[in-house]
Structure formats: structure tokens, C-alpha cells
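Here is the structure we will look at.
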Amino acid sequence: MSTPSAAPFIASLDVGSSSVRALLFDAQAHQMEGFGAHLTYNIRTTPDGGAEVDPDELAQHAIDCFDELHRQTHAAGFSIAAVAGSAFWHSFCGVGENGKPTLPILHLLDTRSGDQVARVPNTHARTGCVPHSSYWPAKLLWLEQNRPDEFRATRHWLSFPEYLYQKLFGRARASTSMVSGTGLWDQNAGDYDAETLGALPIRREQLADPASLDQAESELLPEYRAMWPGFAGAHWFPALGDGACNNIGSGCAAAGRAALTVGTTGALRIVVEAPRTEIFPSLWCYRADPRRFVIGGALSNGGDVYAWMKRTLALPKDIEARLEAAVPGSHRLTMLPFFSGERTPYWRADLRAAIVGMSAATEGFDILRASLESVALRFREIYDLLAVAPASACAQVVASGGALLHSPGWTQMMADALGRPVTACTEPEPSSRGAAVWALERLGLIQHLDALPASTGAVFLPRPEHAAAYEHLLSEQRNLYKRLFDQ
């Protein structure tokens with residue numbers, strides 16, 4: 001077990017797309033070994049594209065993780081200065097007059113609102129959100145049409161972290177970061193977008209009050225105060241969006257660094273610290289906090305593509321060795337990895353995966369290799385869009401996410417496809433760490449988010465001999481998209 005290098009400590013809760021974990025960090029943002037709790041959960045999917053989570057079940061997972069972490073820290077006599085959080089962006093639920101859920105959490109990958117997207121005004125130039133089923137507007141229109149009773153019974157619409165705070169403190173608390181990922185928020189104005197709200201069947205008072213954003217809580221309800229005496233006096237900060245936390249925790253909160261993350265999905269993001277920012281075509285723009293923007297692109301298909309291939313295909317045991325030795329494109333296949341539609345740059349929920357060029361000689365490994373190359377090329381599309389942003393200067397790409405870093409062969413593909421060095425982030429939980437670093441800045445214990453550099457490991461250099469092959473593969477992928485979907 002680690003010994004404390006500095007006190008006080010930060011408890012960090014990360015609510016991801018498949019698990020909840022509570023971890024402990026010291027005042028240097030070092031994760032404390034031997035402290036923490038982790039629980040997995042399942043997203044309920046439906047044949048029509050639904051992706052739902054029970055809010056009370058998820059809240060209980062968070063409470064159970066806090067309970068275990070409190071047991072550990074209280075026994076060690078550690079002082080908890082703050083509780084911070086990272087949570088999946090975009091998802092939301094509804095509660096009634098009694099504060100109880102009227103609806104399940106609709107996950108960002110719920111695509112049932114695809115038909116409603118056309119009814120959403122394109123306010124991307126202000127909200128930073130291209131009309132898409134990932135965001136609140138289309139989902140709210142779908143709920144009004146398909147769940148009318150529950151919709152009418154809903155008094156407040158809120159993200160999961162807000163619901164959790166309502167359970168713990170008796171009132172919801174939201175961060176600017178979480179609200180900025182709804183599709184309702186004017187990023188530069190720092191308020192809800194009037195045109196977007198005007199097109200929706202909801203009222204402004206059903207949403208988080210902008211004046212209350214980012215306010216910390218300290219007085220837990222009596223039930224939880226009795227359960228967690230070791231958290232007494234801690235500042236409980238509203239959770240930030242997971243992408244913002246990942247950038248901060250992987251050392252990409254300063255200019256010149258882009259965070260590439262591959263989990264179930266994927267993203268490539270930069271953080272811009274400025275009073276205002278330009279919002280670029282096809283890219284999204286959210287907030288890390290009132291001082292900082294997060295600009296980038298997201299993929300609906302990342303590590304889930306690799307997982308599907310391993311689950312479905314007959315693959316050799318020496319996958320990594322073969323991935324590292326294979327010549328890109330030698331399989332003669334072209335693939336579009338759209339198992340769950342796609343976000344950047346197409347923003348279409350109706351897209352589906354396709355592969356062409358198979359013959360009787362095609363093996364399972366060829367399909368795997370083509371699929372991993374295809375995801376790497378989706379990141380190349382985002383990188384090319386991001387490179388035009390004057391503030392990006394993406395000289396360094398830092399990669400995180402177990403789906404990617406457990407495969408050096410795939411990480412090398414990313415470097416080859418981007419034509420840029422890719423540095424592996426060796427922080428075990430960068431999103432949790434990012435929330436802790438942000439809390440340390442809020443507490444005044446560090447001057448800036450980049451004051452505590454993230455640990456990094458291997459640097460994967462692009463191989464010039466493969467540059468032409470990836471350019472050809474990218475051209476073939478774009479051509480296949482046009483033939484199948486650009487109509």
C-alpha cells in the first residue's frame with residue numbers, strides 16, 4: 001500500500017459507460033494503491049436501438065463504492081478535503097414532483113430518436129452540438145412522442161450526477177461541464193440557447209439553474225452523514241464530463257496536446273483556455289469548466305469493434321505479434337466500422353458497418369486487421385478536422401484507454417494513420433485523476449491544471465514506409481462511404 005506523499009486527499013468517483021469506481025488521490029494527484037472500489041453494471045439494450053440504465057440502480061452502485069472507499073480511508077485516518085467526479089456526457093433522465101425517476105437514463109448510444117433529429121434546429125455554431133440522437137433535444141422529442149405519460153409526469157430533466165446529488169444532499173447540483181454536453185447550451189454565452197429551447201416541449205425551469213452551476217455541497221443528508229463521518233466537511237464538487245476529465249488526467253489540459261481515448265467508444269480532444277472560442281464545422285465543442293472549452297470529435301465505435309471481432313471471429317493466439325508485423329492494407333479489404341452509427345464527422349445514427357473485398361482466402365485475422373485500421377482512420381478524419389483549429393497545434397498526441405493500450409499493435413496503427421507520434425499515458429485511471437486534479441485547482445492547492453504532469457510511457461513513432469498505404473486506405477474508406485451512404 002502506498003504511503004501518503006501529501007495530505008489532504010481527494011476522493012474521485014468515475015461513472016463510466018459500464019462501471020462505477022471510487023478512487024483516492026493525494027495532493028500530488030497520485031492514485032493511492034489499496035484504496036478504492038469498483039462495480040460493473042449493464043446497459044439495457046433493445047432491438048429498436050434503445051440503451052437505458054436504471055437511475056436508482058446506478059446511484060446505489062455509486063453509494064456502495066463511496067461506502068467502501070469511506071471504510072478504507074476512515075480506517076487509515078485520512079482527511080478527505082474534497083469529493084470530485086467524472087461522468088458520461090449527454091445521458092439524462094427525468095424525475096417527478098416527488099424527486100423519483102419517471103424514466104430510465106437514456107444513454108448517449110440510444111439511437112431511437114434518429115427520426116426526430118430532423119426536427120432539431122441546427123444551432124451547432126452556438127451549442128457546439130450537431131443535431132444527433134446522442135444529445136438531449138432529439139431524445140426529448142422522442143420521449144414526448146413515445147413515452148407521453150412519463151414525459152408529462154416529469155418535472156425536472158437532469159444528468160445522472162445531478163440525480164445522485166439529489167439523493168445525497170436533497171437537491172441536484174450540476175456543473176457547467178455536464179450542462180454543456182446537452183445540446184441545449186450556448187457555449188460562448190454561458191446560458192441555454194433560446195432557439196433550441198423554443199423548438200422543444202420543455203420549460204427552462206425544468207433544467208439546472210445556470211446561477212447554481214459548479215457550486216460545491218458539504219452537508220450530506222442525515223442518512224449519509226451518519227454513514228460517512230470521514231467525509232464530514234469535504235467539498236463535494238459537481239461531476240465534470242468524462243472527456244474533459246480524461247484530457248486533464250492524461251496531461252492534455254494545456255495547448256499543444258491532444259488526448260486520444262479508446263474505450264468502448266473513442267474520442268480525440270483538445271482543451272482551450274480562453275474567454276471565447278470559434279466552433280468548427282463537424283467538431284463538437286463543450287466545456288471543461290467556465291474557463292475552458294473542450295473541442296474535438298467522438299466515435300461511436302472504438303474498443304467495441306475490437307471486442308466484437310475477438311468475440312465473433314476465429315482468431316490466432318499470436319494476435320499481437322501478427323498485428324505488429326502485418327503490412328497495412330495487405331488484406332485487400334475496405335471496412336466501415338459503424339456498428340453503432342457514427343458521430344464525427346457524419347453525425348448519423350443510421351450508419352451500419354460494412355466490409356468489402358472478401359474472398360475465399362480471407363481469414364479472421366484479415367478482418368480483424370482491417371477493422372482496427374478502419375477505426376484508426378476514423379481518428380485520422382477527426383485529426384484532420386482538428387488540425388485547422390488555430391489553438392490546437394497538436395504536436396503531441398497522448399493515448400489512453402485500456403481497449404487501445406492493451407494492444408501495442410493497434411497503438412502503432414494509430415501513429416501510422418495519424419502520421420504523428422503517439423505517447424502512451426500510463427496513468428491507470430486518467431478520468432478519475434482528472435477530476436481530482438480539477439478539484440485540487442478549485443481548492444487552491446495547485447495553481448493550474450498542468451501543474452501536476454501525468455505519467456507517460458512508450459512513444460509510438462509513425463513509420464514513413466506505411467504512410468502511402470494509409471493514405472490509400474483512407475481514400476478507399478471515403479469512397480466506400482460515398483457509394484453506400486452519401487445519397
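Read-outs throughout are calculated quantities, based only on the coordinates presented, and are distinct from any laboratory measurement. Computed from a predicted structure; not experimentally measured. Cβ atoms come from the backbone with ideal geometry, glycine included; neighbour counts cover every protein chain shown.
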| said: Could you tell me how far the Cα centroid of segment 8-41 sits from the Cα centroid of segment 444-470, in Å? | reply: 23 Å
| Can you give the calculated 222 nm mean residue ellipticity of the chain, where each DSSP H run of n ≥ 4 adds -39,500 (n - 2.57) and the sum is split over every residue, rounded to the nearest 500 deg cm²/dmol? | -10000 deg cm²/dmol
| query | For q = 0.11, 0.12 Å⁻¹, what log10 I(q)/I(0) does segment 1-132 give under the Debye formula with an equal point scatterer on each alpha carbon and no solvent? | reply | -0.55, -0.63
| How big is the gap, in Å, between the Cα center of segment 106-140 and the Cα center of segment 306-352? | 27 Å
| remark: Residues meeting the amide H criterion for Gly96 (H placed from the backbone, H to H distance under 5 Å, 5 or more places apart or on another chain) are Thr102, Arg155
| Reciprocal of mean inverse Cα separation for segment 421-472 (Kirkwood radius, Å) | 13.5 Å
| field | Mean shadow area of segment 331-427 over all directions, Cα convex hull, nm² | value | 7.4 nm²
| request: Pull up all non-local amide H partners of Ile446: gap of 5 or more, or a different chain, and H-to-H distance under 5 Å with H placed in the peptide plane. | output: Glu441
| task | Ratio to report: Rg/Rh of segment 272-394, with Cα atoms as the point set and Rh obtained by the Kirkwood method; give two decimals. | result | 1.07
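About its Cα centre, how strong a charge dipole does the chain have in debye, to the nearest 20, once Lys and Arg get +1 and Asp and Glu get -1 at the Cβ?
580 debye
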| Within straight cross-link reach of Lys139, meaning Cα distance under 25 Å, which lysines are found once same-chain residues fewer than 8 apart are removed? | Lys100, Lys167
| remark: With Rg from the Cα atoms and Rh as the Kirkwood inverse mean 1/r over Cα pairs, segment 9-241 has an Rg/Rh of 0.98
| Amide H within-cut-off set for Asp186, under 5 Å, with H built and near neighbours excluded | Asp191, Tyr192, Asp193
| note | Net charge (Lys, Arg +1; Asp, Glu -1) of residues whose beta-carbon lies under 14 Å from that of Trp228, Trp228 excluded, is -3
| field | For the chain, with +1 on Lys and Arg beta carbons and -1 on Asp and Glu, the positive-most of Ala27, Met414, Ala255 along the dipole | value | Met414
| note | Applying the span-like rule to the chain (DSSP H, Cα extent along axis at least 27 Å, Kyte-Doolittle mean at least -1.0) gives 55-76, 364-386
| query | Once Rh is set to the Kirkwood radius over Cα pairs, what Stokes-Einstein translational diffusion coefficient, in µm²/s, holds for segment 335-387 at a temperature of 4 °C and a viscosity of 1.567 mPa s? | reply | 107 µm²/s
| request: Give the calculated FRET efficiency between Arg276 and Leu484 to the nearest 0.05, with a Förster radius of 35 Å applied to their Cβ-Cβ distance. | output: 0.35
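What share of Cα pairs, in percent, lie more than 21 angstrom apart in segment 219-338?
Looking at segment 219-338, the distances longer than 21 Å represent 60 percent of pairs.
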| Any number yet on Rg/Rh for the chain, C-alpha, Kirkwood? | 0.96
